[in-house]
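The values are calculated or read from the model by the stated rules, or taken from the named source; none is laboratory data. Values in this document were obtained by computation on a predicted structure and should not be read as measured data. With ideal geometry, Cβ positions are generated from the backbone for all residues, glycine too; neighbour counts draw on all protein chains shown. SASA here: full protein model, heavy atoms, side chains in, ligands and nucleic acids out. Shrake-Rupley method; radii C 1.70, N 1.55, O 1.52, S 1.80 Å.
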Amino acid sequence: MSSEPRSGCPINLTLEALGDRWSLLVIRDIMFGDRRHFRELLTQSDEGIASNILADRLKRLTEAGFLTRTDDASHKQKAIYSLTEKAIQLVPLLAHMGAWGRRHMPATPDLSIRAQLLEEGGPALWDEFMDDLRGAHLGQPRRRSGPTVVERLREAFLAVRATG
């Protein structure tokens, strides 16, 4: 047993930074669903997140440096949430978690297809996805043209859902 404090363990630090299940689901919905407004995150959540929990997680994720919040020019009371580089670099972790869940949990085919494609695409696809996210959330130019990874994952999801 190490004499190092538990809080110094990288896994513990990561879990502490992310907080809980809801924090990862909010990041997932922003990352994969391009849901950038509070109302979208609230009403389009498959898990049915409560408004007070969502508000708390958005605040925590912003304070922890995973998200930025900017006023939406189209509406005074709306805010746009964007991923930071810190959150974008969670793509490989989320890909691994999705692959594990697909193999070991009773996931449905339509909700598994994106995890399968990310697993099969490996680091090259993850890099493309992170490049796309940097374009959408950080304003960096994409390094390639054509459909984004999210668009390709969404097409695969819709195709599987249409056949099921």
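Worth a mention:
- Residue in region 116-131 that is out of contact with any strand residue (DSSP E or B) (no Cβ under 6 Å at 6 or more places or on another chain), part of a loop (DSSP other than H, G, I, E, B), open to solvent by 30 Å² or more (accessible area, probe 1.4 Å) and farther than 22 Å from Trp22 by Cα present: no
- The single condition among (1) basic (Lys, Arg); (2) at pLDDT 90 or above; (3) under 15 Å from the mean Cα position of the chain (by Cα) that Arg21 does not meet is (2).
- When we screen Lys86, Lys76 for residues that are part of a loop (DSSP other than H, G, I, E, B) and surrounded by fewer than 17 Cβ atoms within 10 Å (Cβ to Cβ), the only hit is Lys76.
- Identity of the residue in region 105-115, among the aliphatic types (A, V, I, L, M), within 16 Å of Phe157 (Cα to Cα) and open to solvent by 40 Å² or more (accessible area, probe 1.4 Å), that ends up modelled with the highest pLDDT: Ala107
- The combined condition, being in a helix (DSSP H, G or I), of a type in the set (Lys, Arg) and either in contact (Cβ under 8 Å) with a residue 40 or more places away in the chain or open to solvent by less than 70 Å² (accessible area, probe 1.4 Å) (or both), is not fulfilled by Arg102.
- When Ile11, Ile30 are checked against the criterion of being part of a helix (DSSP H, G or I), closer than 29 Å to Thr108 by Cα and without any contact (Cβ under 8 Å) to a residue 24 or more places away in the chain, a single residue qualifies: Ile11.
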